[in-house]
Amino acid sequence: MNIQVFGRKKCFDTKKAERYFKERKINFQFIDIDIKGLSKGELNSVKRNISINELINQSSKEYKNLNLDKIRSNDMKEEILLKNPKLFNSPIVRNGNTATLGYKKEIWDLWE
């Protein structure tokens, strides 16, 4: 398994995801999504499992400031997401080509 947890240090669900993997002694890589964000390749991998609209945090200040509710093009949303990592919902957990959004213990149990 090659687990990556993209999240925020102050996010409750991110902390729960980290605890889940630590308790099971599963190695994972934590990436602070606000500092590093996702690369275009990582985002494309995640989009196979999670829609672009699910990835966007609609309650963030950036969402309102960038008027994302008025943008219909997924390509445009993707470009905005890549430039504004604070827009991502978290945690995004990747295992190879599969990915989940939020705390998904029942899916992670199947990965073991």
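Yes/no matrix, rows are residues, columns are (1) hydrophobic (A, V, I, L, M, F, W, C); (2) crowded, with 17+ Cβ neighbours inside 10 Å; (3) modelled with pLDDT under 90:
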residue: ASN53; (1), (2), (3): no, no, no
residue: ILE56; (1), (2), (3): yes, yes, no
residue: SER73; (1), (2), (3): no, no, yes
residue: MET76; (1), (2), (3): yes, no, no
residue: ILE92; (1), (2), (3): yes, yes, no
residue: TRP111; (1), (2), (3): yes, no, yes
Open item on the list: If ASP34 satisfies all but one of (1) at pLDDT below 95; (2) open to solvent by 80 Å² or more (accessible area, probe 1.4 Å); (3) under 14 Å from VAL5 (Cα atoms), what's the number of the condition it fails?
Closed with: (2)
Task: In segment 37-46, the residues that are among the charged types (D, E, K, R) and either open to solvent by 70 Å² or more (accessible area, probe 1.4 Å) or farther than 19 Å from THR14 by Cα (or both) - done: LYS40
TODO: Pull up segment 24-46, narrow it to residues that are in contact with an Asp or Glu (Cβ under 8 Å, 6 or more places away or on another chain) and outside any strand (DSSP E or B), then point me to the one that is farthest from LEU82 (Cα to Cα).
DONE: ARG24
- [ ] Keeping to segment 54-64, report how many residues are within 27 Å of PHE21 (Cβ to Cβ) and in a helix (DSSP H, G or I).
- [x] 2
Open item on the list: Tally up the residues in segment 65-97 that are assigned to a helix (DSSP H, G or I) and free of Cβ contacts under 8 Å to residues at least 12 places away in the same chain, please.
Closed with: 7
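The values are calculated or read from the model by the stated rules, or taken from the named source; none is laboratory data. What you are looking at is a predicted structure, and each value in this text was computed from that prediction instead of being measured. Note: ideal-geometry Cβ built from the backbone for every residue, glycine included; neighbour counts use all protein chains shown. Each accessible area value is taken on the protein alone, full model and side chains, heavy atoms only, with ligands, DNA and RNA left out. Shrake-Rupley method; radii C 1.70, N 1.55, O 1.52, S 1.80 Å.
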